[in-house]
1. For TYR127, work out the one condition from (1) within 23 Å of the chain's Cα centre (by Cα); (2) over 30 Å from VAL368 (Cα atoms); (3) open to solvent by less than 40 Å² (accessible area, probe 1.4 Å) it doesn't fulfil.
2. Suppose we keep only residues that are within 19 Å of the chain's Cα centre (by Cα) and hydrophobic (A, V, I, L, M, F, W, C) within the stretch 11-30. Which one would you say is surrounded by the fewest Cβ atoms within 10 Å (Cβ to Cβ)?
3. Among (1) buried (at least 18 other Cβ atoms within 10 Å of the Cβ); (2) among the charged types (D, E, K, R); (3) in contact with a helix residue (DSSP H, G or I) (Cβ under 6 Å, 6 or more places away or on another chain), where does ASP381 come up short?
4. Give the number of residues within the stretch 350-393 that are basic (Lys, Arg) and under 16 Å from LEU327 (Cβ atoms).
5. In the stretch 251-274, is there at least one residue being closer than 25 Å to VAL165 by Cα and over 16 Å from the mean Cα position of the chain (by Cα)?
6. Of the conditions (1) surrounded by fewer than 21 Cβ atoms within 10 Å (Cβ to Cβ); (2) of a type in the set (Gly, Ala, Ser); (3) under 24 Å from GLU265 (Cα atoms), ALA394 clears all except one; give me its number.
7. Given the conditions (1) surrounded by 18 or more Cβ atoms within 10 Å (Cβ to Cβ); (2) farther than 23 Å from GLN139 by Cβ, and given that VAL110 satisfies all but one, which numbered condition is not satisfied?
8. Restricting to the stretch 343-361, what's the tally of residues that are within 19 Å of ASP288 (Cβ to Cβ) and either among the polar types (S, T, N, Q) or in a loop (DSSP other than H, G, I, E, B) (or both)?
Amino acid sequence: MKITDLRCAVIGKHPIVRIVTDEGLHGLGEVEFTKSYLKPWVLHFREALIGEDPTDVERVMLKIRQRGSFKPYGAAVSAIEHALWDIAGKAAGVPVYKLLGGKVRDKVRVYNGSIRRQRTGDRPEDYAADVKWMMEQPQNFFMIKQGISFHSNMKDTIEGFHYGVTQKAGCHGAMDQGVISERGFNHMLDCVIAMKEVLGDKVSLALDCGPGWMLPDAIKFARAVEKYNLMWLEDMLTGDYVPWVNPQAYRELTTSTSTPIHTGEQIYLRHNFKELIETQAVRVIGPDPADIGGIAELKWVAEHAYMHSILMAPHGVANGLLGLGALINVCATLPANYIAFEYPSASDPWWEDLVVGLPPQIVKDSMVDLLEAPGLGLDIDAEAARRYLREEDAGFFD
């Protein structure tokens, strides 16, 4: 089997990768909806892929893996890798998890980071009302993740929240950072208390915090919330679109508190997790299969973390429904350090009419069934999707 074409179309907000072969099989991969500008970067790899056997996934990846980078530029490589595995599974007639060593669980646990509504404000009572609504959703999620501090609007809406420079340009990934004021610190603590009063011990709470914190503030806050038994504090020091890791500072934060510290969604390749894991700089890592370099890369990191007693909770909030297929397949194979992955809901409601292979109710009691169709288990209804194609992509499904 040979690759005859690499195509990319932006459908809705997602760049969709489609690899075509001379045997009629195709593979799909999806880039986060926050990265619609990456179509040219995906197509940059076309020449390298033409003529290769897509079922030799690792051999093909050796040609392109070194040409990616930290979030967002690892996304193109990652989506191509997903599409290669999709073809390999279809060619073998088995789900991709079988090619990754087989499943260790029949259902995969997920948490809620994407099914949310516009919060009414940034006051403690607004946060309390929001988590009440989230815990009442029919998916019955075991855990909710909420944004606070620099990963929320409170950095702008709470007067005197911090002493750094505030950027209000609306650029996704622009980094606010600075020393947090006493007022800002107390406000965050009040929001945590309000949420935990609603959630109790029925639904767990994790906080997406940054990046942008200075280390002393991070230590002080992590200690202050210890008694609330949070699942984790995420990306306090680095994360998102920050192209570095800083394991030494994370290790000082981690060893200063019993509150689990989490990072990893922006990190590209296993090599950039090495020091973070081997020095036990965090308690939880959260690589994204759509950013780290693909699902095989994520599995390698999960197993390395397992050997160092570090927990695994993959990121995935914006990965779309095809990205959900990649998450389900890889997380079915992960070792016992796996907690849950961040469930990606449809970025537009019509996606559920386009994607073939999903059950009517995807999440039940915070669990997702494995997809048994060959490959990643999901496909796009080409006829239904044509209306959403741009004129330049009219031949995407040909």
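1. The failed condition is (2).
2. For the stretch 11-30, the residue satisfying everything is LEU28.
3. (1)
4. To start, the set of residues in the stretch 350-393 that are basic (Lys, Arg) comprises 364, 386-387, 390.
This time we only want the ones that are under 16 Å from LEU327 (Cβ atoms), so: none.
Summing the residues that are basic (Lys, Arg) and under 16 Å from LEU327 (Cβ atoms) in the stretch 350-393 gives 0.
5. Yes, the stretch 251-274 contains at least one residue that is closer than 25 Å to VAL165 by Cα and over 16 Å from the mean Cα position of the chain (by Cα).
6. Just one mismatch for ALA394, condition (3).
7. Failing condition for VAL110: (2).
8. Summing the residues that are within 19 Å of ASP288 (Cβ to Cβ) and either among the polar types (S, T, N, Q) or in a loop (DSSP other than H, G, I, E, B) (or both) in the stretch 343-361 gives 4.
The values are calculated or read from the model by the stated rules, or taken from the named source; none is laboratory data. All figures in this text were calculated on a predicted structure; none of them were measured in a lab. A quick note on method: Cβ atoms are made from the backbone with ideal geometry, for glycine too, and the neighbour counts reach across all protein chains shown. Side chains are part of the model used for accessible areas, which takes the heavy atoms of the whole protein and leaves out ligands, DNA and RNA. Shrake-Rupley method; radii C 1.70, N 1.55, O 1.52, S 1.80 Å.
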